Amino acid sequence: MNTRWVRAARWYLRELTGESAYDRYCERHRRHHPLAPVPTRREYQALRTLHQENRSHSRCC
Amino acid sequence: MPETVLDAPEKSRKSVKFILLWTAVSLLGAVAWGVLALARGERISAVWLVIAALGSYAIAYRFYARFVARRVLRPDDRRATPAERLEDGVDFQPTDRRVLLGHHFAAIAGAGPLVGPVLAAQMGYLPGTLWIVAGVIFAGAVQDMVVLFLSMRRDGKSLGQLAREEIGRAGGAAALVAVFAIMIILLGVLALVVVNALAHSPWGTFSVGMTIPIALFMGFWMHRTRPGRVVEASLIGVALLLLAIVGGRWIQESSLADAFTLSPTALVFCLIGYGFVASVLPVWMLLAPRDYLSTFMKIGTIALLAIGVVVAAPELRADAVTEFATSGTGPVFAGSLFPFLFITIACGALSGFHALVASGTTPKLIQKESQVRMIGYGAMLMESFVAIMALIAAATLEPGLYYAMNAPAGLLGTTAQSASQAVAGLGFTITPDQLAQAAHAVQEQTLIARSGGAPTLAVGMSEIFSDVVGGTAMKAFWYHFAIMFEALFILTTVDAGTRVGRFMLQDMLGNVFKPLGRVNWKPGIWLCSGLVVAAWGYFLHTGATDPLGGINQLFPLFGIANQLLAAIALTVCTTVLVKSGRLRWAWVTGIPLAWVTAITFTAGWQKIFSADPKIGFFAQREHYADALDAGRVLTPARTADDMHTVITNSTVDGVLIALFLLLVAVVIGNAAVVCVRAARSAVPLPTTEAPYVESRIDAPGRPAEPLVGARR
């Protein structure tokens with residue numbers, strides 16, 4: 001019971017913060033470009049940062 | 001399970017259960033409202049407020065939101081959402097609805113629902129509660145859900161684009177300028193709340209200041225040391241943050257205290273400098289980690305507050321309805337209940353700013369159309385509950401203390417004696433001793449005239465929390481915890497808002513000079529960031545130095561601005577409903593639109609034309625200008641310079657309100673023309689809804705492709 005709660009909380013936190021986005025990105029990458037090497041976590045992070053730089057993100061009061 | 005599979009007895013058993021459950025919820029809610037309405041003279045427990053609100057939310061979500069979704073919006077789960085059709089793994093991604101609810105809630109809820117209700121408590125807890133609950137059910141949550149739905153059907157277009165495409169070019173342009181101007185006011189006022197909370201408080205200034213190195217550390221951790229490990233970095237960040245609060249006490253008691261004791265003006269320049277640096281630094285360094293930190297603190301503290309209110313069950317010490325509700329002479333904000341209560345409480349009841357969030361990121365992530373009810377309506381109900389808790393925290397304070405903290409400095413003076421006398425003049429009592437004790441309990445130099453809502457809320461929260469954990473010994477910790485958490489929210493909004501403003505300005509100026517529109521041209525970024533920061537910095541500075549009390553002057557401006565944004569959003573919604581042949585249901589957004597137009601235009605009218613210098617900006621201008629000509633200095637101004645400041649500020653504020661009203665009138669006028677044309681037209685007018693594409697995601701929980709947030 002307890003481990004289930006801990007796992008659920010960990011899952012939710014990882015999803016909410018976008019930490020799990022890399023795993024999904026790799027999966028998608030393999031599906032669309034099966035032969036190309038998957039970017040490393042560091043490379044992915046650089047890509048993501050570049051992307052964030054050009055987007056605005058509303059936060060309300 | 002689809003309903004057709006159920007056999008008859010099971011179905012009837014289900015409906016009996018359904019009726020029993022909702023009868024019980026209704027009864028409970030009704031009893032709680034009854035207790036609130038009938039309690040006169042005796043003090044009641046805050047738990048009744050919680051039950052009344054939660055009962056109403058449950059019924060509204062189950063029945064009204066469902067009705068609006070099913071009858072009016074008619075979501076179709078066989079239709080692919082933009083997240084599915086345009087999936088790119090970055091902006092567009094079908095996301096688990098529980099995760100998206102968390103994202104959306106974190107994006108809409110900030111300091112707004114915590115500040116407004118605290119100020120509105122001067123009219124008693126009952127009017128505020130009624131407006132927060134009824135407003136969210138029939139206006140705020142409806143607006144959020146409908147905008148979310150309309151934007152989702154249009155590939156996640158922004159409110160400005162929706163206005164331009166569905167209403168017309170004049171309406172669209174007016175909406176764009178209004179959104180920008182409103183955001184500037186909003187940032188200025190929010191930053192002012194931080195200044196008022198940190199002025200002359202070394203403890204608060206240190207712990208809030210520490211959030212910057214903590215965020216930088218987290219940024220480097222997530223970017224360089226262990227890329228992408230957000231959860232661990234956030235946990236470390238939260239731990240450091242708690243340490244920073246504890247550390248603030250040492251600083252206050254050490255020789256460093258003077259270095260962290262800043263005047264409001266010094267804080268204003270710190271915030272302006274910080275705002276500029278934060279908006280030009282790479283996002284990963286400061287903005288992103290601060291956002292994570294603030295989200296964690298937000299969800300954690302709000303949960304803690306809810307538990308605290310239920311466990312401690314504090315008594316409401318404020319009156320249900322005070323005489324300021326009818327006389328309109330309250331010291332916290334001037335003007336009578338209608339319309340000023342409804343603009344003072346914006347966030348938590350109806351907040352136009354949400355329309356910007358609901359038409360930006362969130363609609364690009366929705367997995368199934370029917371989820372707009374949970375995400376749009378549900379998240380707003382949650383924000384409303386935050387507002388109720390803020391109201392409770394303020395209403396549990398002794399009224400004498402409440403007024404000693406929230407009346408303008410000019411009225412209260414600077415000593416405990418003068419404040420005590422001023423409060424007595426308002427009809428409440430607090431002895432100088434009690435005032436000194438209250439400040440000592442939270443280890444602040446003074447609590448006199450700490451307007452802006454944050455310190456009041458923090459005192460209320462510290463009473464509730466220390467009842468549950470730690471007793472009086474922990475009161476000062478909890479006070480500074482609450483201050484820190486509010487400042488953290490606000491600074492996150494200031495960072496993010498400055499960036500959003502910069503993008504808007506670049507977009508607008510890009511039409512005049514092409515390179516300015518490029519999002520990666522550094523001089524353009526610096527120039528536009530600087531302009532945005534200078535604009536809100538101006539209001540922050542005038543607010544911090546205004547002899548009449550910045551919050552008292554600027555908060556109505558902020559409230560009117562926010563509600564006018566809601567008027568624009570609801571106008572867009574109503575226009576689309578009419579254009580798409582749903583004139584019959586147009587009242588769903590039309591009635592809230594009529595209401596918000598009535599309150600904003602009445603409030604705006606009074607702010608411009610009222611002959612009472614306490615309410616009307618131009619009357620105030622004349623009052624002070626005449627006195628100055630006659631060579632007199634009117635209190636609370638102390639010098640001729642002060643008099644000039646008041647005159648300039650009231651002119652600027654009055655002109656701004658007139659400008660806002662004009663812009664919104666253009667949007668509404670343009671929309672009315674479109675609506676009449678649509679109602680008269682034999683064939684529906686064209687809308688910009690994206691064409692139907694069949695969804696390949698079967699049902700929530702059983703995706704054809706991996707979902708964001710799908711559990712393995």
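The values are calculated or read from the model by the stated rules, or taken from the named source; none is laboratory data. Remember, it's a predicted structure, so these values are computed and weren't measured experimentally. Heads up, the Cβs are rebuilt from the backbone with ideal geometry, glycines too, and the neighbour counts pull from every protein chain shown.
One table, with the values for the structure above:
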quantity: Within the range B:208-234, tally of residues that are without any contact (Cβ under 8 Å) to a residue 60 or more places away in the chain, over 18 Å from B:Trp284 (Cβ atoms) and not small (Gly, Ala, Ser); calculated: 1
quantity: Test: residue in the range B:192-205 that is buried (at least 17 other Cβ atoms within 10 Å of the Cβ) and not in a helix (DSSP H, G or I); calculated: yes
quantity: The range B:439-451: number of residues that are without any contact (Cβ under 8 Å) to a residue 40 or more places away in the chain and more than 28 Å from the chain's Cα centre (by Cα); calculated: 2
quantity: Positions within the range B:138-181 being at pLDDT below 95 and under 17 Å from the mean Cα position of the chain (by Cα), in sequence order; calculated: B:Val179, B:Phe180, B:Ala181
quantity: Only one of A:Ser56, A:Ser20 that is under 30 Å from B:Ala111 (Cα atoms), touching a Gly at 6+ places or on another chain (Cβ under 9 Å) and facing chain B (nearest Cβ under 7 Å); calculated: A:Ser56
quantity: Set B:Ala449, B:Ala393, B:Ala473: member being within 30 Å of B:Gly352 (Cα to Cα), among the aliphatic types (A, V, I, L, M) and part of a helix (DSSP H, G or I); calculated: B:Ala393
quantity: Residue list for the range B:55-99, restricted to those being assigned to a helix (DSSP H, G or I), small (Gly, Ala, Ser) and either within 14 Å of chain A (Cβ to nearest Cβ) or surrounded by 20 or more Cβ atoms within 10 Å (Cβ to Cβ) (or both); calculated: B:Gly55, B:Ser56, B:Ala60, B:Ala65, B:Ala69, B:Ala83
quantity: Unique match (being within 14 Å of another protein chain (Cβ to nearest Cβ), closer than 25 Å to B:Phe333 by Cα and within 17 Å of the chain's Cα centre (by Cα)) among B:Gly128, B:Gly102, B:Gly135, B:Gly112; calculated: B:Gly112
quantity: Hey, B:Ser420 at pLDDT 95 or above and among the hydroxyl-bearing types (Ser, Thr, Tyr) or not; calculated: yes
quantity: Selected residue (only one of B:Gly102, B:Gly29 is out of contact with any strand residue (DSSP E or B) (no Cβ under 9 Å at 6 or more places or on another chain), at pLDDT below 95 and either crowded, with 20+ Cβ neighbours inside 10 Å or not acidic (Asp, Glu) (or both)); calculated: B:Gly102
quantity: Selection within the range A:43-52 - loosely packed, with under 14 Cβ neighbours inside 10 Å and facing chain B (nearest Cβ under 8 Å); calculated: A:His51
quantity: Candidate set from the range B:635-662 (those that are in contact (Cβ under 8 Å) with a residue 12 or more places away in the chain and assigned to a loop (DSSP other than H, G, I, E, B)); member that is surrounded by the fewest Cβ atoms within 10 Å (Cβ to Cβ); calculated: B:Thr635
quantity: Count of the range B:504-520 residues which are in contact (Cβ under 8 Å) with a residue 12 or more places away in the chain and either within 16 Å of B:Ala175 (Cβ to Cβ) or among the β-branched types (Val, Ile, Thr) (or both); calculated: 4
quantity: Qualifying residue in the range B:147-161 (condition: within 14 Å of chain A (Cβ to nearest Cβ) and closer than 25 Å to B:Ile59 by Cα); calculated: yes
quantity: In the range B:278-316, the residues that are away from chain A (no Cβ under 14 Å) and not in a helix (DSSP H, G or I); calculated: B:Ala313, B:Pro314, B:Glu315, B:Leu316
quantity: Residue ranges of helices (runs of 4 or more DSSP H) in the range B:317-384 with at least 3 members touching a residue at least 24 places away in the same chain (Cβ under 8 Å); calculated: B:337-344, B:354-358
quantity: Some residue of the range B:137-156 being on the phi < 0 side of the Ramachandran plot, assigned to a loop (DSSP other than H, G, I, E, B) and of a type outside the set (A, V, I, L, M); calculated: yes
quantity: Search result, residues across the range B:203-227 that are within 27 Å of the chain's Cα centre (by Cα) and either within 14 Å of chain A (Cβ to nearest Cβ) or farther than 20 Å from B:Gly275 by Cα (or both); calculated: B:Trp203, B:Met218, B:Gly219
